[in-house]
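Chemist: The structure is given below, and queries will be raised subsequently.
What follows draws every value from the coordinates through simple rules; no lab data is involved. Predicted, not measured: the structure shown is a model, and the values here were computed from it. Positions of Cβ are backbone-derived with ideal geometry, glycine not excepted, and every protein chain shown enters the neighbour counts.
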Amino acid sequence: MFTLPKLNYEYSDLEPTIDTKTMEIHHTKHHQGYINKLNAALEEHPELLKKDINEVLVNFKNLPDDIKKAVRNNGGGHSNHTLFWSILSPKGTEPSGDLLQAINDTFGSLEEFKKQFEEATAGQFGSGWGWLVKTESGDLKIVTTPNQDSPLMDNQTPILGVDVWEHAYYLNYQNRRPDYLSSIWDIINWNQVAKYYEE
Ligand code: MN
């Protein structure tokens with residue numbers, strides 16, 4: 001069975017970028033909801049319940065047709081939120097080393113990367129995610145996905161992801177998604193992003 005990951009910080013620790021109430025509902029209701037539905041959908045497939053959810057998503061195309069929709073939505077939801085919590089931190093950090101070098105080589109500068117990421121992610125129509133991914137050839141790329149689709153389904157490794165479903169920001173920012181995005185950099189755990197980049 002899949003279970004809700006514990007956070008490395010308190011719900012209130014990401015204030016003012018993400019408010020306490022949003023964090024609590026997001027983690028205990030939304031993320032837990034995806035996990036509950038995923039476990040229910042895979043009841044008849046116990047071998048998949050033992051796997052890492054990211055491994056299941058990488059092999060998405062080979063899954064039985066009857067569970068594809070549930071895995072895409074709820075398995076994606078579980079994987080995406082697990083990554084999201086892990087790359088947030090109460091302490092602001094900055095990228096360094098190989099990751100910073102790759103960002104500079106790919107986007108010109110960290111500021112230019114942030115600008116392009118915010119633009120792409122603000123422009124995701126409806127619910128979805130903005131991502132910094134590592135492609136199969138090891139390059140960095142900004143992509144967006146609708147709903148709970150995971151970049152892993154396209155053989156891309158997400159190393160930074162930002163949830164832009166309204167449930168992620170509406171209490172604090174209402175319709176102002178760009179304000180949420182420009183504030184998110186204050187709580188990015190770049191050390192964890194670098195770990196995903198180096199894996
Ligand atoms: Mn969410």
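Chemist: Which of the residue pairs K21/K134; K114/K141; K6/K68; K37/K114; K21/K141 have a Cα-Cα distance greater than 24 Å in the structure shown?
Modeler: Numbers: K21/K134 32 Å; K114/K141 12 Å; K6/K68 27 Å; K37/K114 34 Å; K21/K141 32 Å.
Those over the limit are K21/K134; K6/K68; K37/K114; K21/K141.
Chemist: Determine, for S183, S79, the number of other Cβ atoms within 10 Å of each Cβ, and report the residues in order from fewest to most. Could the numbers behind the result be given before it?
Modeler: On the way: S183 16, S79 27.
Sorted ascending by nearby Cβ count, the order is S183, S79.
Chemist: Starting at the first residue of segment 13-21, write each ³J(HN,Hα) from the Karplus equation 6.51 cos²θ - 1.76 cosθ + 1.60 with θ = phi - 60°, in whole Hz, x for Gly and Pro.
Modeler: Using θ = phi - 60°, the values come out as 6, 9, 4, x, 5, 10, 6, 4, 4 Hz.
Chemist: Compute the long axis of helix 76-86 from its Cα atoms, compare it with the longest principal axis of the Cα atoms of the chain, and write down the angle in degrees, 0 to 90, nearest 10.
Modeler: 40 degrees
Chemist: May I ask for the angle, rounded to the nearest 10°, between helix 110-122 and the longest principal axis of the chain, with both axes built from Cα atoms and the value confined to 0 to 90°?
Modeler: Value to nearest ten degrees: 50.
Chemist: Okay, moving on. Normalising by the residue count of segment 18-199, find the relative contact order in percent from Cα pairs under 8 Å and 6+ residues apart. Intermediate results must be reported in sequence, preceding the final value.
Modeler: Values: 247 pairs, mean separation 48.6, N = 182.
Rounded, it is 27 percent for segment 18-199.
Chemist: Which one, V58, V133, V162, has the greatest fluctuation when you compute a Gaussian network model over the chain with C-alpha springs under 10 angstrom?
Modeler: For the chain, modelled as a Gaussian network with Cα springs under 10 Å, the answer is V58.
Chemist: Next question. Have a look at N74, N62, N172 and tell me which one the Gaussian network model of the chain (Cα, springs below 10 Å) gives the largest fluctuation.
Modeler: Ranking N74, N62, N172 by mean-square fluctuation puts N62 first.
Chemist: Could you work out [θ]222 nm for the chain from helices alone, using -39500 (n - 2.57) per DSSP H run of at least four and dividing by all its residues? Round to the nearest 500 deg cm²/dmol. Numbers along the way, then the final one.
Modeler: On the way: 11 runs with 88 residues, N = 199.
It lands at -12000 deg cm²/dmol.
Chemist: Taking the Cβ of H26 as the centre, find all other residues whose Cβ is under 13 Å away and add up their charges (Lys, Arg: +1; Asp, Glu: -1).
Modeler: On the way: positive: K21, K29; negative: D19, E24, D163, E166.
Around H26, the charge tally is -2.
Chemist: Right, next: Using a cut-off of 17 Å between alpha-carbon atoms, which aspartates and glutamates can reach K91, once sequence neighbours fewer than 8 places away in the same chain are excluded?
Modeler: E10, D13, E15, D19, D186
Chemist: Once you order the gyration tensor axes a ≥ b ≥ c over the Cα atoms, which shape class does segment 1-57 get: rounded for a/c under 1.5, otherwise prolate or oblate by comparing a/b with b/c?
Modeler: Values: a/c = 3.64, a/b = 2.49, b/c = 1.46.
Prolate.
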